[in-house]
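Encoded as structure tokens, the structure appears first; notes follow it.
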Amino acid sequence: MENKDVFNITWEGIDIEIVCYEPAYMKSHRKIYGCAMFHIEVRSLRPERAPLPITESGYRSIFITEPELAKQGGSLKYVTSYIDEEAKSKKWKNCREDSRQFNLF
């Protein structure tokens, strides 16, 4: 059985689900490297598949080691910080601007 944490947040009007698993199939990672490997799934729920600064498709799969996840403050803090940081990028700002304007090309 997998251990998982589920968080639901709203970011800039987009409902997002964050699921953090310690996958059963990754138990060998702990045995070999001495720490767990976590799998985090991020998906936009409403609007469904809405682009986010970390994914154009509305879905992102992230693998991260237990020490790195702890250093980042846990899965919720890690993902929200990641989204907020990527939202500062020129690429995301252009994407948001394009979605607000009618674009012929």
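Based on this model, can you work out whether ALA24 counts as among the aliphatic types (A, V, I, L, M) and exposed (fewer than 14 other Cβ atoms within 10 Å of the Cβ)? Yes; evaluated as a whole, the condition is true for this residue. Checking each residue in segment 73-86 for being under 13 Å from the mean Cα position of the chain (by Cα) and either part of a loop (DSSP other than H, G, I, E, B) or farther than 30 Å from PRO23 by Cβ (or both) picks out only GLY74. Scanning segment 27-80 for residues that are in contact with a Lys or Arg (Cβ under 9 Å, 6 or more places away or on another chain) and of a type in the set (S, T, N, Q) gives THR55, SER57.
If only residues of segment 6-38 that are part of a strand (DSSP E or B) and modelled with pLDDT under 95 are counted, the one that is nearest to TYR82 (Cα to Cα) is PHE38.
Look at ARG49 and say whether it is without any contact (Cβ under 8 Å) to a residue 60 or more places away in the chain, basic (Lys, Arg), part of a strand (DSSP E or B) and within 20 Å of LYS91 (Cα to Cα). So ARG49 does not fit the description; no.
Condition check ((1) crowded, with 17+ Cβ neighbours inside 10 Å; (2) touching a helix residue (DSSP H, G or I) at 6+ places or on another chain (Cβ under 7 Å)) across all residues:
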residue: THR10; (1), (2): no, no
residue: ILE18; (1), (2): yes, yes
residue: LYS31; (1), (2): no, no
residue: ARG46; (1), (2): no, no
residue: THR55; (1), (2): yes, no
residue: TYR59; (1), (2): no, no
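The values are calculated or read from the model by the stated rules, or taken from the named source; none is laboratory data. Worth saying up front: this structure is predicted, and the values here are computed from it rather than measured. Methodologically, a virtual Cβ is constructed for each residue, glycine included, from the backbone with ideal geometry; neighbour enumeration extends over all protein chains shown.
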